[in-house]
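The values are calculated or read from the model by the stated rules, or taken from the named source; none is laboratory data. Treat the numbers as computed from the prediction; the structure is a model and nothing was measured. Here Cβ is always computed from backbone atoms with ideal geometry, including for glycine, and neighbour counts include all displayed protein chains.
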2 protein chains.
Amino acid sequence: MYTAKHMKWWGWGDEDIGFDAGAHPGLWPYAKAVLGVEEENVNLPPVSIDAVRLREAIRHERCLAELRLWMRADQICDSRHERLVHAYGKGLRDLFRMRNGMAEGAPDLVVYPENEHDVLMTIRAAAEHDAVVIPFGGGSNIAGCLERSETHRMVMSLDMRRMRRVLAVDKESLTARIEAGVFGPDLEEQLSGYGLTLGHFPDSFLHSTLGGWIATRSAGMQSDKYGKIEDMVIALRMVTPAGVLATRTVPKSSNGIDVNHLCIGSEGTLGVITEATMQVHPRAESRRTHGYLFLDFESGIEAMHDCVRKECTPSMSRLNDSGKTALSMAFKPPSSKLSQAMTRVMKSYLQMKGFNFARACLMLTTFEGSKGDVTRQHRQVSAIHRRFGAVDLGPSSGKSFESTKYDFPHIRDFLMDRGVTSDVSETATVWSNVVPLYRAASTDLSTAIEESGVKPWVGCHISHSYHSGASLYLTFACQQKHGREMQQYLHAKRVVQQSFIDHGATLSHHHAVGTEHLPWLTDDISPVGVLAIAAIKGGLDPGNVMNPGRLRPSIAPLEEWLRVGGEAAVLSAWK
Amino acid sequence: MYTAKHMKWWGWGDEDIGFDAGAHPGLWPYAKAVLGVEEENVNLPPVSIDAVRLREAIRHERCLAELRLWMRADQICDSRHERLVHAYGKGLRDLFRMRNGMAEGAPDLVVYPENEHDVLMTIRAAAEHDAVVIPFGGGSNIAGCLERSETHRMVMSLDMRRMRRVLAVDKESLTARIEAGVFGPDLEEQLSGYGLTLGHFPDSFLHSTLGGWIATRSAGMQSDKYGKIEDMVIALRMVTPAGVLATRTVPKSSNGIDVNHLCIGSEGTLGVITEATMQVHPRAESRRTHGYLFLDFESGIEAMHDCVRKECTPSMSRLNDSGKTALSMAFKPPSSKLSQAMTRVMKSYLQMKGFNFARACLMLTTFEGSKGDVTRQHRQVSAIHRRFGAVDLGPSSGKSFESTKYDFPHIRDFLMDRGVTSDVSETATVWSNVVPLYRAASTDLSTAIEESGVKPWVGCHISHSYHSGASLYLTFACQQKHGREMQQYLHAKRVVQQSFIDHGATLSHHHAVGTEHLPWLTDDISPVGVLAIAAIKGGLDPGNVMNPGRLRPSIAPLEEWLRVGGEAAVLSAWK
């Protein structure tokens, strides 16, 4: 049986699995070069676990007594370690706080429900005794969705990982009823017993849950074929302080406002999703990822768009801009002498064909289906890509991507050890705006980083395409300004998010609103949209039990960090 | 310029266009035979327009004075005719009431906004002066969405037809910003100027609007290719009593709860959709509809499902059961001697091939795209259909369907003239439940009709298929029990709707909740779902200005009609 472990209290990945820097020997030299790092000996590891400051737990004894009435002792935990691993998600501010021993955001208690009744009774007890419940899946969210906003009420982290079963599969209708706490690998393993797959593979796949995906409107790497998570939900159950919201297993309906969509994206503010009936698919017989090299980003975008127009969409198309392409190359595992020699030959060939490696862009494209489908898709897509000047690099760069695709989130920890901040901001826009937005947001972000006096690195990839547009995923990095790391980060983050909004895009394509994107919620969904969400919240959770402070527009949690001179409570606690 | 006319005050279609019974000479003989009609001379036309009883209009002079401040006299109408054509939609109870001169549901006033400001100011005035606003598109709804539920407040029907422009088209992203009051043909004509189509062709296409489609989660005949209307909405604007809810033109987002989905399906209860940015598509170069004859309904369903499994879905697949197949044959235009002879030859051939015409089922399948696409789709689909025992009847039955596809709603009026009730109930379910539900619901419906002492006719077609399931559209007819017509209808309607719910399906796939389906809303979306919707309503429309009484579970509006002996107010008014 797959057992989901907690991630490291201070960073990404399992406690016992470190990031193997030796497997990526080109990464740090590349980072040093592009970021202008001169001092070699930077080494800033996290503080030791004993040095982490943890607020004394608020213990509401009557509430606890009620929880103990129907749950075993091992379902109710308040150990230091449990509180630490549930303190935050894995956003950059989260990592920074934990590395620096600031765990003030930790919950007072962790509850592990094993069935819907446990969830219901925990929420009832919380409502009755004015406590707070923050649903916790894998804790992988990077937008601050798990940020504690209350210091005076008892906060319970409701960790869903024990609710992990595939409850029923309808092989004829290709639907599966699944408990929400299941992690990606466990879910795929259970479904594979039926020859099925959900087809949802976000970067966080190893460390995130079905319920988390639904509550944040997640997108997997193969969304072009299987859709975003909201496209896969057929029915669900969500426990709210007002009772259980439950919908029917029907493909489509006209039953008024679609209440599935009140639960999808609710980010824990209305209740806890306990199970969902999902669209599943037969596992593909065959699967292959090819690399394509384009002359520049613009021609790669045109090729992607043309694939969509021709309804010839592979299950994944991930187009890197020139910066991300260079990073990908630097991230590659060390290669054999032979392979190095072949690379040199390939390079000469490409230069002859007119490729300029400062501008060239790598696209990774996955074909899947029957063997015949894969061959046919590859032929069709290659023909389109060729027309836009691309060269098919074959399956080897695909294999390299497949073997490292879940490693990217480790890079932040690796770089933070070396005094470098790196993070991401992503959005989506219509096709006519993809290139203008890319240029504007990249430039704005670079400028914002330069304003802090260091050299910026900004890269971008596009990995989700739709009939009307696509996502844009910006990655950025810079040397930290010691003592002002978070102000520096928040300035950059604020500028890039504002750039998205100013240029007609959305605050996030698949990372949720959380805390980091709250200041732009009103711009994104209009004041009346915000009012509507507050109204649902008021109706289902009048006691504000569920994840308070989220989906309510506010700049407070970020403003606090931006103030100069460390007046802010959190900063002063740290200094 | 296309000008949308009002439909007949008493029935379907333009005032000046009657149903040409001569074009369907087989229809009445077929109906008489299957319904056991013995008396030839039944003739029950609607009352004359002068005989229609209309409640004296409530006039709220201060509210009216405010409307006149910013609208011209021709935008504010209270003539008898205007009130009559806005009294109801075209549900069976609506037709029955109007035919019998009962227009108590008529609004007191009709307002024709010409821009969003007109809408906003009308709703503000209504909110300030405690009046009611019922948004009105084409008035084609058959679920009682336009039913007046208030007799003491002034009710304004907000007729959107003057807001009919395509405001902007982004040909690169294939999106179009469109005013919500545009009718189907007008919209397609405007889009065709850009070489584009929305691809939404419901049976009501000639007489319904974009805003109405969105507010009721409509489905068009080609939904298998273009999606249901909720799949096409990219952004929208909705004027509510709390202000304008507006969303961004982005393909996908993770900005919390998707507020587009609070507006879609809101059935006029939260506000008025004034415009939407829709996904559009290049017009198909080529298009062809073929008929296929299956041995029975079950094998047709299996073939449809197999097409979905193989991701080989034509833009339309409409499978009739044997009853609906017989009706289609009876509905055909008169044919030439030659064609009759050919039909006889075909029949003999099919009998030789083992077809039993009491069980055989007609499927109509539309292929569209480039000429090559059409040929390829036709080849693939035909191969699947053949494997399930079908015979390709070629494009002639397709042509017959195409020429009459918008005529079906006229049949109810034609039959009511002859003392026959006919109506529809439709739903959706997962593939594993399609056949069991079909059998159960058809049997329950037939039994319910028999209980009123007459011979039932029940037919079914399936015309929207999804990865996980399909819609089921039941049509039923019977001789009216004079003096108890509505009790008889409501008994049948209630039984079939309850059968849908009891067998795991939904209250409607694309006709909305309205009044007719309100009693099943709680079963469908759960009490907490109902509570959530009430909370949104309370937040955006605290004065209950917008279409009151809708999306609030209630059996009252139907109970009234079911009482025995004509005690009910409406019934006694009619007697």
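Looking at B:368, B:402, can you tell me which residue is among the acidic types (Asp, Glu) and either surrounded by fewer than 20 Cβ atoms within 10 Å (Cβ to Cβ) or part of a helix (DSSP H, G or I) (or both)?
Answer to the check: B:402.
Just to check your reading of the model, which residue among B:182, B:111, B:169, B:132 is of a type in the set (A, V, I, L, M, F, W, C) and in contact with a Pro (Cβ under 9 Å, 6 or more places away or on another chain)?
Values: B:182 fails: in contact with a Pro (Cβ under 9 Å, 6 or more places away or on another chain); B:111 fails: in contact with a Pro (Cβ under 9 Å, 6 or more places away or on another chain); B:169 fails: in contact with a Pro (Cβ under 9 Å, 6 or more places away or on another chain).
Selected residue: B:132, the only one of B:182, B:111, B:169, B:132 that is of a type in the set (A, V, I, L, M, F, W, C) and in contact with a Pro (Cβ under 9 Å, 6 or more places away or on another chain).
Counting only residues that are away from chain B (no Cβ under 14 Å) and modelled with pLDDT of 95 or more, give me the helices (runs of 4 or more DSSP H) lying completely in segment A:477-575 with at least 2 of them. Walk me through how you get there before you give the answer.
Values: elements: A:485-502, A:521-540, A:556-562, A:569-574.
Of the helices (runs of 4 or more DSSP H) lying wholly inside segment A:477-575, those with at least 2 residues that are away from chain B (no Cβ under 14 Å) and modelled with pLDDT of 95 or more span A:485-502.
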Legend entry - Matching residues, segment B:332-343, being part of a helix (DSSP H, G or I) and within 15 Å of residue B:396 (Cα to Cα): B:338, B:339, B:340, B:341, B:342, B:343
Legend entry - Of the criteria (1) within 11 Å of chain B (Cβ to nearest Cβ); (2) touching a Lys or Arg at 6+ places or on another chain (Cβ under 9 Å), which one residue A:155 fails: (1)
Legend entry - Whichever residue in segment A:252-271 is more than 17 Å from residue B:229 (Cα to Cα) and touching a His at 6+ places or on another chain (Cβ under 9 Å) and, among such residues, is nearest to the other protein chains (Cβ to nearest Cβ): A:262
Inset, instruction - Please specify each residue of segment A:371-394 satisfying the condition of being part of a helix (DSSP H, G or I), crowded, with 17+ Cβ neighbours inside 10 Å and β-branched (Val, Ile, Thr). - result: A:374, A:381, A:384
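Scan segment B:504-517 and give yes if some residue there is more than 19 Å from the chain's Cα centre (by Cα) and in contact (Cβ under 8 Å) with a residue 40 or more places away in the chain, otherwise no.
Going residue by residue through segment B:504-517, those that are more than 19 Å from the chain's Cα centre (by Cα) are B:504.
Filter once more, so that each one left must be in contact (Cβ under 8 Å) with a residue 40 or more places away in the chain: B:504.
Yes, segment B:504-517 contains a residue that is more than 19 Å from the chain's Cα centre (by Cα) and in contact (Cβ under 8 Å) with a residue 40 or more places away in the chain.
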Inset, instruction - Identify, by number, the condition in (1) more than 21 Å from the chain's Cα centre (by Cα); (2) surrounded by 24 or more Cβ atoms within 10 Å (Cβ to Cβ); (3) not β-branched (Val, Ile, Thr) that residue B:88 doesn't meet. - result: (1)
Legend entry - Residue in segment B:425-433 that is within 22 Å of residue A:235 (Cα to Cα), of a type in the set (Phe, Trp, Tyr) and within 14 Å of chain A (Cβ to nearest Cβ) present: yes
Inset, instruction - Of the numbered conditions (1) in a helix (DSSP H, G or I); (2) in contact with a helix residue (DSSP H, G or I) (Cβ under 9 Å, 6 or more places away or on another chain); (3) within 17 Å of residue B:461 (Cβ to Cβ), residue B:415 fails exactly one; give the number of that condition. - result: (3)
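Taking segment B:375-424 as the search range and keeping residues that are hydrophobic (A, V, I, L, M, F, W, C) and closer than 27 Å to residue B:512 by Cα, which one is nearest to the other protein chains (Cβ to nearest Cβ)? Before the answer, list the steps.
Step one: filter segment B:375-424 for residues hydrophobic (A, V, I, L, M, F, W, C), giving B:381, B:383-384, B:388, B:390-391, B:393, B:401, B:408, B:411, B:414-416, B:420, B:424.
In the following step, the residues that additionally are closer than 27 Å to residue B:512 by Cα were identified as B:401, B:408, B:411, B:414-416, B:420, B:424.
Numbers: B:401: 23, B:408: 18, B:411: 22, B:414: 26, B:415: 25, B:416: 25, B:420: 27, B:424: 13 Å.
Out of the qualifying residues, it is B:424.
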Inset, instruction - Check whether at least one residue in segment A:166-173 is away from every other protein chain (no Cβ under 14 Å) and either over 30 Å from residue B:308 (Cβ atoms) or not in a loop (DSSP other than H, G, I, E, B) (or both), and report yes or no. - result: yes
Inset, instruction - Can you work out which of the residues in segment B:175-197 that are under 27 Å from residue B:271 (Cβ atoms) and surrounded by fewer than 23 Cβ atoms within 10 Å (Cβ to Cβ) is nearest to the other protein chains (Cβ to nearest Cβ)? - result: B:177
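Could you list, in sequence order, all residues of segment A:344-365 that are of a type in the set (Lys, Arg) and either closer than 28 Å to residue A:24 by Cβ or assigned to a helix (DSSP H, G or I) (or both)? Steps first, answer last, please.
Filtering segment A:344-365 down to residues of a type in the set (Lys, Arg) leaves A:344, A:347, A:353, A:359.
Listed by number, the residues that qualify are A:344, A:347, A:359.
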Legend entry - First in segment A:368-386 and in contact (Cβ under 8 Å) with a residue 12 or more places away in the chain, second anywhere and hydrophobic (A, V, I, L, M, F, W, C) and buried (at least 17 other Cβ atoms within 10 Å of the Cβ), Cβ under 6 Å, 6 or more apart: A:368/A:284; A:369/A:284; A:374/A:367; A:377/A:367; A:378/A:367; A:384/A:303; A:384/A:307; A:385/A:303
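Residues of segment B:199-229 being at the interface with chain A (Cβ under 7 Å from one of its Cβ atoms) and either under 23 Å from residue A:431 (Cβ atoms) or not polar (S, T, N, Q) (or both), which ones?
From segment B:199-229, those at the interface with chain A (Cβ under 7 Å from one of its Cβ atoms) are B:216-217, B:228; that's our starting set.
Matches in segment B:199-229: B:217, B:228.
Among the candidates B:98, B:121, which residue alone is under 30 Å from residue B:248 (Cβ atoms), aliphatic (A, V, I, L, M) and either more than 14 Å from chain A (Cβ to nearest Cβ) or crowded, with 21+ Cβ neighbours inside 10 Å (or both)?
Residue meeting the stated conditions: B:121.
Would you check if residue B:157 is outside any loop (DSSP other than H, G, I, E, B), of a type in the set (S, T, N, Q) and buried (at least 24 other Cβ atoms within 10 Å of the Cβ)? Explain how you work it out, then say what you get.
Working: outside any loop (DSSP other than H, G, I, E, B): yes; of a type in the set (S, T, N, Q): yes; buried (at least 24 other Cβ atoms within 10 Å of the Cβ): yes.
Here the answer is yes, as residue B:157 does meet what is asked.
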